[in-house]
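The values are calculated or read from the model by the stated rules, or taken from the named source; none is laboratory data. For clarity, every value in this text was computed on a predicted model and none was experimentally measured. So basically every Cβ, Gly included, is an ideal-geometry build from the backbone, and we count neighbours across all protein chains shown. Ligands, DNA and RNA are stripped out before the accessible areas are found, and what is left, the full protein with its side chains, is counted by its heavy atoms. Shrake-Rupley method; radii C 1.70, N 1.55, O 1.52, S 1.80 Å.
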Amino acid sequence: MTGEPHLRFYAGAVLKTPDGVPLGALCVLDCVPRDLTEEQVSTLTMLARQVMSQLELRRALAEREERLEASHKIERRQALLVRELHHRVKNTLATVQALVGATGRSSGSFDAFYRSFSKRIASLAKTHNLLTEDYWQTATLREIALTELKPFAESRQPRFMLIGPPVELSADLAVPVGMALHELTTNAVRYGALSVPGGHVEVRWSVGETEGVRRLHLEWREFGGPTVEEPQHRGFGSTLLQRVLPMQCKAEVEVQYTREGLQFQMDAPLIEQRLVPAY
C-alpha cells in the first residue's frame, strides 16, 4: 500500500465454525515484507483454532445461561400456578358452599333445589372453563355473557345484544359476574323479557377511569317483556346482585324494576395485574 498505514505484509487464517461456516480471519500485519516459515504458518493456524474454541465456549456458556434462565422462569411460573390453583379451589369451594345454602333456603322442595343448584353449578363450570383456557387468569366479558345467552343466539328474531369493547376479567371478577349474568338470564327466562317471544335483552359495558383506577360499568336492560314488579321475597338471585357483588367485587350495584323491564347496573374496579405471566 502506498498510503497509511503502509502495510507491506499480511497473513491470515480463516476462522470457521465446527460446521465449516467462515466467520472471519485471524490476521498478522506488518509494515515490511516478510515470509512465514512452516512453523509460523502452523502457529497461526493453531491460534485460529484456539480463537474458535474460545468463541464456541462463550457461545455454549451463553446458551447454557439462557437455558438456566428459561428453566428458572418455568419453575417460578409453576409455583405461581400452584398458588393460583390453591386460591381458585378455595374460592370455588366457598362459592359452592354458598350456593348450597342459598339455594336450599330459597327452594320449596328437593326437586326445586336440585334443578336450581344444578343450573348454578353448570353456570359456574362454564365460567371456569373459560378461565382454565388462560391458566385461571382471565376470561373475556363477551364470552361470559355468550355462555349464558347462547340458547337464544339461534332465534330468527334477535333476542339479545352485546355491546361493548373487548374486556378481560380477572378470575376474582369473572366468577361473580358470570353468576350474576346467569341469575339475570334465569330471571328473564322465567318472568322477564325472555319469557315472551317479542322480548329482548341488551347487555352493555364500558371501561372508564376514576382516580387512576380503571373501572367496568355493566348494564343489563330488558325490553318487550311482561310488566315487572319488585319481588316481595328476596331469593338467591337478588341477594347475589345486591349483596354478594358489592362484597366480593367492591361493586356499586343498582337494580330497578321499571315498566319496560328489569334494569341492572354495576360499576366495579378492574384487576389489572396478571398473577401468572404469559409465556
So ARG49 and VAL255, fully extended at 0.36 nm per residue minus their Cα-Cα distance, gain in nm 66.2 nm
Simple spin-label estimate for GLU230 and VAL196 in nanometres, 7 Å along Cα-Cβ: 2.3 nm
Can you tell me the order of 31-42, 250-261, 175-186 when each peptide is scored by its average per-residue count of other Cβ atoms within 10 angstrom, highest first? 175-186, 250-261, 31-42
Inter-label distance, nm, simple model (7 Å from Cα along the C-beta direction), LEU15/SER42: 2.5 nm
Accessible heavy-atom area order of GLU230, GLU69, highest first, probe of 1.4 Å: GLU230, GLU69
Under 30 Å from the Cα of LYS150 - lysines, other chains or at least 8 residues apart: LYS90, LYS119, LYS126, LYS250
Amide N of the stretch 174-199 lying under 19 Å from the label point, which is placed 7 angstrom from the Cα of ARG214 along Cα→Cβ: 174-178
For q = 0.23 Å⁻¹, what log10 I(q)/I(0) does the stretch 1-75 give under the Debye formula with an equal point scatterer on each alpha carbon and no solvent? -1.02
What accessible surface, in Å², does a 1.4 Å probe find on LEU146, ignoring ligands, DNA and RNA and rounding to the nearest 10? 70 Å²
Send over a whole-number figure in Å² for the accessible area per residue of the stretch 1-72, probe 1.4 Å. 80 Å²
